[in-house]
Amino acid sequence: MTDRIIAADVILTSPGRNYVTLKLRTADGLTGYGDATVNGRELAAASYLRDHVAPLLIGLDPARIEDTWQYLYRGAYWRRGPITMAAISAVDLALWDIKGKTAGLPVYQLLGGAVRDRVLSYTHASAWELPELLDAIDARRADGFKAVRAQSGVPGLETVYGVHAGGGYEPAKRGAVPVTESWDTDAYLRHVPDVLNAVREHVGPELALLHDAHHRLTPQQAARLGRSLEPANLFWLEDVTPAENQEALRLVRQHTTTPLAIGEVFNSIYDCKDLITGQLIDYIRVAVAHAGGISHLRNIFALADLYQVKAAPHGPSDVSPVSFGASVHVGLSTINFGIQEYMGYDALAHEVFPHSWSFADGYLHPGDAPGLGVEVDEALAAKFPYEPAYLPVARRLDGSMTDW
Ligand code: EZ4
Ligand code: CO
């Protein structure tokens with residue numbers, strides 16, 4: 001007799017930051033986990049799963065991953081959107097986890113097996129002033145990283161995306177309302193090319209350097225930035241413009257050879273199809289937690305492969321260790337995988353989500369535990385209940401809202 005899903009529960013926990021985890025159980029006694037964390041909108045994702053998805057799953061055959069995906073996507077009528085797609089992602093991941101546990105195999109084996117021995121990763125280094133930034137980059141290299149995202153302060157501003165004053169960087173801040181930061185694109189553009197060119201001089205030619213402009217530039221500004229960063233030979237320049245206007249990237253593309261990465265806020269293949277087929281980007285940043293899980297990511301990456309666009313999933317602290325592990329399984333088994341962002345986790349998150357994935361010498365491996373290889377210590381998770389926390393918002397110096 002086929003197995004059946006008998007329970008679908010949502011675990012909300014905050015070990016250092018908030019995570020939304022779906023737990024499926026089957027009649028055969030298997031457990032599968034998925035991640036539906038949407039930074040600053042955790043309760044909406046949890047409700048979508050608990051109130052609108054969990055009841056539909058009870059009694060379904062957990063082996064039917066694709067059919068369940070189609071049922072939740074087509075069946076909702078209201079397609080796409082970050083909350084819906086995060087919920088579908090969580091179900092998809094939990095079902096791949098169960099399929100792996102049923103087979104006694106790590107998920108990457110079910111995806112065709114390893115096409116590489118290890119998955120290249122990059123992490124973040126940031127500091128307000130250049131000397132401290134160089135120190136931070138040196139520290140990341142000492143940790144083994146072969147690729148580092150560098151973000152610096154901007155004279156005249158008090159806060160800048162991606163830069164923190166010491167300690168671990170966590171963009172979401174606890175509190176009932178978002179923190180407001182200020183932003184001045186002209187000041188940023190005057191400063192950042194010198195910083196990154198100086199970083200390149202300091203680190204030498206080999207280290208892969210990345211930079212994230214966080215959706216704040218016009219196409220013309222982005223084109224100029226890309227061109228001025230060419231001496232720094234970036235691995236990529238990320239999120240130069242708000243990507244809803246996909247045509248913007250065509251203009252940027254025509255003016256610079258700096259590789260472009262985009263897509264961490266995308267949640268479906270439709271969001272990236274023009275960027276990929278138009279060859280307007282070099283790296284697609286969709287995350288398994290936000291773009292429909294392993295099943296949909298594989299479709300996106302297969303399309304990307306036709307155009308030599310590489311997969312480079314978002315991997316901030318708000319992508320939980322469950323979906324991070326899933327992303328590393330995809331990385332190990334996808335030919336056009338480029339790099340995995342690995343921002344790192346609070347020590348507590350590693351404890352709440354014991355995992356088989358591991359980091360060594362700049363590379364990740366998903367491990368060989370059956371399924372995704374990530375479990376949840378529910379007793380420990382229960383000690384850290386959800387706490388409201390939000391990403392900042394940004395206003396220009398004249399007080400008007402801009403993209404954070
Ligand atoms: O802004 O994780 O590349 N990484 C990033 C992150 C994102 C946050 C959003 O939740 O841009 O810092
Ligand atoms: Co980013």
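The values are calculated or read from the model by the stated rules, or taken from the named source; none is laboratory data. As the structure is a computational prediction, the values presented were derived from the model and not from experiment. As a convention, Cβ positions derive from the backbone with ideal geometry for all residues, glycine included, and neighbour counts pool all protein chains shown. Remember, those area values only see protein heavy atoms, side chains included, never the ligands or the DNA or RNA. Shrake-Rupley method; radii C 1.70, N 1.55, O 1.52, S 1.80 Å.
So the values come out like this:
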item	result
D271, sole failed condition from (1) open to solvent by 10 Å² or more (accessible area, probe 1.4 Å); (2) of a type outside the set (F, W, Y); (3) under 28 Å from A369 (Cβ atoms)	(3)
Residue check, I137 outside the structural domain of G34 (by TED's automatic domain parsing), open to solvent by less than 20 Å² (accessible area, probe 1.4 Å), of a type outside the set (S, T, Y) and outside any loop (DSSP other than H, G, I, E, B)	yes
Strands (runs of 3 or more DSSP E) enclosed by segment 329-404 - at least 3 residues per element that are touching a residue at least 60 places away in the same chain (Cβ under 8 Å)	363-365, 393-396
Near pairs, Cβ below 9 angstrom, 6+ apart or cross-chain, from segment 282-296 (under 8 Å from N267 (Cα atoms) and away from ligand 2 (no atom under 16 Å from the Cβ)) to any residue that is outside any strand (DSSP E or B) and open to solvent by 10 Å² or more (accessible area, probe 1.4 Å)	G292/W69; G292/Y73; G292/N267; G292/I269; G292/N299
L30 vs. criteria farther than 22 Å from G371 by Cα and in contact (Cβ under 8 Å) with a residue 12 or more places away in the chain	no
Selected residue [assigned by TED's automatic domain parsing to the domain that holds H329, surrounded by fewer than 24 Cβ atoms within 10 Å (Cβ to Cβ), aliphatic (A, V, I, L, M) and in contact with a strand residue (DSSP E or B) (Cβ under 7 Å, 6 or more places away or on another chain)] from A232, A304	A232
Residues of segment 213-238 that turn out to be within 13 Å of ligand 2 (Cβ to nearest atom) and either in contact (Cβ under 8 Å) with a residue 40 or more places away in the chain or more than 26 Å from V203 (Cα to Cα) (or both), as a count	5
Among the candidates A381, A360, A394, residue that is over 17 Å from the mean Cα position of the chain (by Cα) and within 25 Å of I137 (Cα to Cα)	A360
Close pairs from segment 252-265: first within 11 Å of I281 (Cα to Cα) and among the charged types (D, E, K, R), partner more than 11 Å from ligand 1 (Cβ to nearest atom) and in a loop (DSSP other than H, G, I, E, B), Cβ under 9 Å, at least 6 apart	R253/G278; R253/Q279; R253/L280; R253/I281
Where a residue in segment 56-72 is closer than 15 Å to T102 by Cβ and its partner, wherever it lies, is of a type in the set (G, A, S), with Cβ under 9 Å and at least six apart	P62/G32; P62/A94; I65/G293; I65/S295
Residue that is farthest from ligand 1 (Cβ to nearest atom), among those in segment 244-268 that are buried (at least 21 other Cβ atoms within 10 Å of the Cβ) and closer than 23 Å to M85 by Cα	S268
Hits in segment 372-389 - residues which are of a type in the set (D, E) and loosely packed, with under 15 Cβ neighbours inside 10 Å	D377, E378, E387
Residue in segment 45-70 that is farthest from P321 (Cα to Cα), counting only those that are out of contact with any strand residue (DSSP E or B) (no Cβ under 8 Å at 6 or more places or on another chain) and crowded, with 17+ Cβ neighbours inside 10 Å	T68
So S295, is it of a type in the set (S, T, Y), open to solvent by less than 10 Å² (accessible area, probe 1.4 Å) and touching a helix residue (DSSP H, G or I) at 6+ places or on another chain (Cβ under 7 Å)	no
Enumerated strands (runs of 3 or more DSSP E) restricted to segment 5-46, each holding at least 3 residues that are β-branched (V, I, T)	5-13, 19-26
Any hit, segment 269-282, residues being within 16 Å of ligand 1 (Cβ to nearest atom), closer than 16 Å to N336 by Cα and of a type in the set (V, I, T)	yes
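Here's the yes/no breakdown for (1) within 23 Å of the chain's Cα centre (by Cα); (2) assigned by TED's automatic domain parsing to the domain that holds V319; (3) surrounded by fewer than 16 Cβ atoms within 10 Å (Cβ to Cβ):
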site	(1), (2), (3)
L157	no, yes, no
G162	yes, yes, no
E170	yes, yes, no
R174	yes, yes, yes
D186	no, yes, yes
L189	no, yes, no
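Here is a yes/no grid of residues against (1) more than 16 Å from ligand 2 (Cβ to nearest atom); (2) acidic (D, E):
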position: Q254; (1), (2): yes, no
position: T258; (1), (2): no, no
position: G263; (1), (2): no, no
position: K273; (1), (2): yes, no
position: V328; (1), (2): yes, no
position: D346; (1), (2): yes, yes
position: A349; (1), (2): yes, no
